[in-house]
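Working notes for the structure below.
The values are calculated or read from the model by the stated rules, or taken from the named source; none is laboratory data. This structure is a prediction, so every number in the text was calculated from the model and none was measured. Please note: Cβ atoms are built from the backbone with ideal geometry, for glycine as well, and neighbour counts cover all protein chains shown. The protein model used for the area step is the full one, side chains on, heavy atoms only, and it has no ligands, DNA or RNA in it. Shrake-Rupley method; radii C 1.70, N 1.55, O 1.52, S 1.80 Å.
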Amino acid sequence: MTWDILNVIGTIAFALSGAVVAMEEEYDIYGVFVLGMATAFGGGVLRNIFIGIPVPTLWEQGPLLWTATIAMAICFCLPVALIRYWKRWEQLLDAIGLAAFAVQGALYATQLGRPLSAVMVAAVMTGIGGGMIRDVLAGRRPMVLRDEIYALWAILAGLLIGTGIISHSNPIQLYGLCALITVLRMLSVFYKWRLPRRGLQKGLI
């Protein structure tokens, strides 16, 4: 049950995120749906590739596919003024998607009996993979590689679940971890927390 709810939360959050980015780039309706689908399901594809699990087809996603489609269709039909107002919450949507999918990815690898390293990789790839694909398809530099601390929170989710500090069978702890990751991500946006960067022109930043 926890798995299914996290899947739905992450799918809706990332599908809407991809749809909004597509409309910002003035893509047509086909581009909106392609970008939304890539954002919603791309992380799971990358996760399976990295931990050596067969990649399911898009059509095997069942209700999740329809959930993402309906969410994007509603978003596409909303008045522009409402979308612009709603865009103020774009970072929060992205944070929710990151948290839900990072926890879901870690649970997936744990249930397969994978070691801690694979659990952490699964958390990161599921949490950030869709956003990376979205940014590349939109012609943007991937946010995870340049913006405020992002992937670190997905790593934290994988570490806590993989080491058993957060029980994979305790829904309250798992939802609490989702809330924690979301809050940490938003704090990093608000306070502009960044990992060290080094540019060839200015050196360490």
- Note on the structure: With every protein chain kept in place and a 1.4 Å probe, segment 1-79 has an accessible area per residue in Å² of 49
- Item | Cα centroid separation - segment 1-50 against segment 162-197, whole Å | 20
- In the chain, carbon and sulfur make up what percent of the accessible area (probe 1.4 Å)? 68
- Given 9-17, 169-177, 149-157, the highest-first ranking by average Cβ count within 10 Å works out to 9-17, 149-157, 169-177
- Task: Calculate the dipole size of the chain relative to its Cα centre from +1 charges on Lys and Arg beta carbons and -1 charges on Asp and Glu beta carbons; express the result in debye to the nearest 20.
- Result: 760
- By average C-beta atoms within 10 angstrom, highest first, the peptides 43-50, 25-32, 124-131, 75-82: 124-131, 43-50, 25-32, 75-82
- Note on the structure: Plugging the Cβ-Cβ distance of Ala81 and Glu60 into 1/(1 + (r/R0)^6) at R0 = 45 Å yields, to the nearest 0.05, a FRET efficiency of 0.75
- Candidates for Rg/Rh (Cα atoms, Kirkwood Rh) are [x] 0.97; [y] 1.29; [z] 0.94, and the calculated one carries label [x]
- Averaged per residue, the 1.4 Å probe accessible area of segment 99-205, protein heavy atoms only, in Å², is roughly 52
- Query: What FRET efficiency would be calculated for the residue pair Ala179, Glu90, taking the C-beta separation as r and a Förster radius of 22 Å, to the nearest 0.05?
  - Reply: 0.70
